[in-house]
């Protein structure tokens, strides 16, 4: 299993967010955002820890902060089917895909969420047409609950798989 380091999202991570915002990386997410949307997203990521509702991280391969940025992962509080849960999502740059980095990052973020002890479940909602992200969910220990309609980006509905991980069970 690939080792990864999760570093809290910082002001200097805007360049990484711009790389993640490519057509290739956003194919299953409605396409790239405008510069204005991207700057707003970056601000939300930087400010998220202060809200007490989640965190975003830069993912680096290896067991230390010296490696290159390979992508991002985070978790945030949401309401799903009437219950407060955490949701997670990730992006791994093409040069780092296929190495187990996303699975290791998903497991690491699960440990961080579990340590908070605020919600019982962590959900991920990859597009049904995104086999790589669905495989990451499976390999990271999530359970496929069902297919659902999901609004993302705001105003646009897509078909997703609802994957959940019970945070009360140590994995």
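Residues being touching a helix residue (DSSP H, G or I) at 6+ places or on another chain (Cβ under 9 Å) and closer than 22 Å to residue 49 by Cβ are entirely absent from the stretch 132-141. Could you go through the stretch 21-30 and let me know if any residue there is surrounded by 13 or more Cβ atoms within 10 Å (Cβ to Cβ), without any contact (Cβ under 8 Å) to a residue 12 or more places away in the chain, under 26 Å from residue 138 (Cα atoms) and under 14 Å from the mean Cα position of the chain (by Cα). For the stretch 21-30, residues surrounded by 13 or more Cβ atoms within 10 Å (Cβ to Cβ), without any contact (Cβ under 8 Å) to a residue 12 or more places away in the chain, under 26 Å from residue 138 (Cα atoms) and under 14 Å from the mean Cα position of the chain (by Cα): present.
Against the list (1) farther than 24 Å from residue 121 by Cα; (2) exposed (fewer than 14 other Cβ atoms within 10 Å of the Cβ); (3) modelled with pLDDT of 90 or more, the condition residue 42 fails is (2).
The set of residues in the stretch 1-24 being part of a loop (DSSP other than H, G, I, E, B) and out of contact with any strand residue (DSSP E or B) (no Cβ under 6 Å at 6 or more places or on another chain) consists of 1, 2, 3, 10, 21, 22, 23, 24.
For the stretch 65-105, the set of residues classified as without any contact (Cβ under 8 Å) to a residue 60 or more places away in the chain, over 15 Å from residue 54 (Cβ atoms) and buried (at least 18 other Cβ atoms within 10 Å of the Cβ) consists of 69, 71, 92, 96, 102, listed by residue number. Taken over the stretch 118-141, the criterion of being outside any strand (DSSP E or B), under 20 Å from residue 84 (Cβ atoms) and touching a residue at least 40 places away in the same chain (Cβ under 8 Å) is satisfied by 118, 119, 120.
The values are calculated or read from the model by the stated rules, or taken from the named source; none is laboratory data. As the structure is a prediction and not an experimental result, all values here were calculated from the model. FYI the Cβ positions are ideal-geometry reconstructions off the backbone, even for glycines, and counts take in every protein chain you see.
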